[in-house]
Amino acid sequence: MNRIIVIGTSCSGKTQLARKLAERLDIPHVELDQFYWLPNWEQRPREEFRSLVQEAVFADRWVSCGNFSVVRNVRWNRATHVVWLNYPFRIVFYRALRRTVVRCFTKEELFSGNTESFRQSFMSRDSILWWILKTYHRYRREYRRFRNESTYPDLQWIELRHPREAEQLLTKLCCTHD
């Protein structure tokens, strides 16, 4: 496993798993949100974003997390493995709600100094919770199609349907990598 993409619906745990995989395999972690978001939740210009991602995935080994379709071909053409967090809606939404509430109170800094606010998270069309409601089923259909149609035939897919399977994968890597 040299170049791994971790995908899944928003708040499924992509970043957390990617960080742990990178740590276990002793390879760089490439987080798409870090490249995409500028201060004040401004989006980085498309070509600049693509260029940053292209540069990061040019390396021989990495773990990348995120769902941005604008850079899908950049990452997926270089990747060796896809780890798909295909968790049930109840797990994803619960994680999102819990994480959002905590971040609203702690003002945890995210990307480029951005933080989540109660207003943005619960009273806005830009809410991550609203985003999950809108995209959960679409992402699942899309990823299933990519896997089944062999859109990227050289990729090896690992589909995880529950967080305990992610822990099992990490345990297996820990034991086989050392």
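Every read-out reported here was derived from the displayed coordinates using simple, explicitly stated rules and does not represent laboratory data. A quick note: this is a predicted structure, and the numbers were derived from the prediction, not measured. Every residue, glycine among them, receives a Cβ derived from its backbone with ideal geometry; neighbour counts consider all protein chains shown.
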With the label point 7 Å along the Cα-to-beta-carbon line of residue 147 and a cut-off under 19 Å to each amide N, the hits in region 58-74 are 64-69, 72-73
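Rounded to the nearest 20 debye, what is the charge dipole size of the chain about its Cα centre when +1 sits on each Lys and Arg Cβ and -1 on each Asp and Glu Cβ?
Charge dipole, the chain, about its Cα centre: 760 debye, nearest 20.
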Helix 46-57 sits off the longest principal axis of the Cα atoms of the chain, rounded to the nearest 10 on a 0 to 90 degree scale, by 40
Relative to the chain, whose Cα atoms define the longest principal axis, helix 89-106 and its Cα axis are tilted in degrees, nearest 10, by 50
Toy charge model, Lys and Arg Cβ at +1, Asp and Glu Cβ at -1: region 70-153 dipole around Cα centroid in debye, rounded to 20, equals 300
Helix 163-177 sits off the longest principal axis of the Cα atoms of the chain, rounded to the nearest 10 on a 0 to 90 degree scale, by 40
To the nearest 0.05, the calculated FRET efficiency linking residue 55 and residue 105 through their beta-carbon distance, R0 being 25 Å, is 0.10
Checking region 7-58 for chymotrypsin sites (Phe, Trp or Tyr not before Pro) in a loop per DSSP with at most 13 other beta-carbon atoms within 10 Å yields 58
Using alpha-carbon positions, the gyration tensor of region 34-171 gives root eigenvalues a ≥ b ≥ c; with a/c under 1.5 called rounded, otherwise prolate if a/b exceeds b/c, else oblate, the class is oblate
Residue-normalised 222 nm signal for the chain, counting each DSSP H run of n ≥ 4 as -39,500 (n - 2.57), nearest 500 deg cm²/dmol, is -16000 deg cm²/dmol
Reduced to Cα centres, the span from region 77-118 to region 1-70 in Å works out to 13
